[in-house]
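Some notes on the structure that comes next.
Quick note: the coordinates plus some simple rules give every number you see, no bench work behind them. Just so it is clear, the structure is predicted and the values come from calculations on it, not from any experiment. Cβ: placed from backbone, ideal geometry, glycine included. Neighbour counts: every protein chain shown.
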Amino acid sequence: MRIVIVRVVDGWAAHATAVLRAAGYRSGGARAAVVDFLGREECCVSAQQVHEGIRRDGRAVGVASVYRVLDLLLALGLVQRVDVGGDVAMYEAVHPDGAHHHHLVCGDCGRVERFTDDGLERALHGLGERVGYAVAGHDVTLRGACGDCRPTAAPP
Ligand SMILES: [Zn+2]
Ligand SMILES: [Zn+2]
């Protein structure tokens with residue numbers, strides 16, 4: 001009996017690599033390093049964070065190359081820019097199966113947290129049908145003060 005060992009690969013990184021290859025880009029070098037890094041991130045990161053993460057992996061990729069790869073991934077729809085306030089562009093992987101999350105942003109300390117909510121997804125889907133749009137996606141960001149920064153309620 002032959003046993004076939006299937007290595008479980010990261011869904012997004014494998015998808016991104018396939019799309020890059022289909023678009024005529026060889027994998028390797030800066031592209032592979034950025035894709036590997038983004039495939040492991042759970043939320044949005046800046047180009048600087050990508051650059052530092054890659055360096056921690058022991059790979060040498062210049063910041064300019066990181067920006068070029070991010071622009072390419074954006075153009076191919078593999079990542080999206082996420083507006084979580086601040087003046088630094090943040091990037092996040094776009095999953096081919098539509099899996100996604102939304103963001104909570106604290107205006108005081110700048111903390112960004114992720115959340116998902118099935119009821120919200122259902123409501124947005126229903127809204128799309130009601131307005132007669134073929135909705136391809138949505139962004140939801142809640143802004144305010146996080147649990148640490150929020151003024152505590154006055155004692156009764
Ligand atoms: Zn995120
Ligand atoms: Zn959603």
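Applying both filters, DSSP loop and at most 10 other Cβ atoms within 10 Å, to the chymotrypsin sites (Phe, Trp or Tyr not before Pro) of segment 52-156 gives Tyr133.
Label-to-label distance for Leu127 and Thr141 is 1.6 nm, based on points extended 7 Å past Cα in the beta-carbon direction. For the chain, can you list the cysteines whose C-beta has no other cysteine C-beta under 4.7 Å from it? Those would be Cys43, Cys44, Cys109, Cys149, since no other cysteine Cβ in the chain comes under 4.7 Å of theirs. Between Arg55 and Arg40, the contour length at 0.36 nm per residue exceeds the alpha carbon distance by 3.9 nm. Counting charges near Asp71 (Lys, Arg +1; Asp, Glu -1) among other residues having Cβ under 13 Å from its Cβ returns a value of +3.
Using the alpha-carbon positions of the chain, Rg (one decimal) and Dmax (whole number) come out as 18.9, 72 Å. Near Leu124: Cβ cut-off under 15 Å, other residues only, Lys/Arg at +1 and Asp/Glu at -1. The net charge is -3.
Of the residues Val35, Tyr25, Leu76, the one whose Cα sits farthest toward the positive end of the charge dipole of segment 1-97, with +1 on the Cβ of Lys and Arg and -1 on the Cβ of Asp and Glu, is Tyr25. What angle, in degrees between 0 and 90 and rounded to the nearest 10, separates the Cα long axis of helix 118-130 from the longest principal axis of the Cα atoms of the chain? Value to nearest ten degrees: 90.
Let me know the shape class of segment 101-156, please: from the alpha-carbon gyration tensor, a ≥ b ≥ c as square roots of the eigenvalues, rounded when a/c is under 1.5, otherwise prolate if a/b is greater than b/c, or oblate. Cα axes put segment 101-156 in the prolate bin. Computed extension gain for Cys149 through Val88, at 0.36 nm per residue and net of the alpha carbon distance, reaches 19.8 nm. Segment 126-142 and segment 83-104 have Cα centres separated by 17 Å. Scalar couplings 3J(HN,Hα) for segment 97-113, obtained by applying the Karplus form with A = 6.51, B = -1.76, C = 1.60 to θ = phi - 60°, are 8, x, 4, 7, 9, 10, 10, 10, 10, 8, x, 8, 9, x, 4, 10, 10 Hz; x denotes Gly and Pro.
Note on segment 63-156: antiparallel DSSP beta bridges, both residues inside, total approximately 65 percent of the bridges counted. Each of the trypsin sites (Lys or Arg not before Pro) that DSSP puts in a loop and that has at most 12 other Cβ atoms within 10 Å breaks the chain; the longest unbroken stretch is 27-156.
In this label model, Ser27 and Arg111 are separated by 3.7 nm, measuring between points 7 Å along each Cα→Cβ vector.
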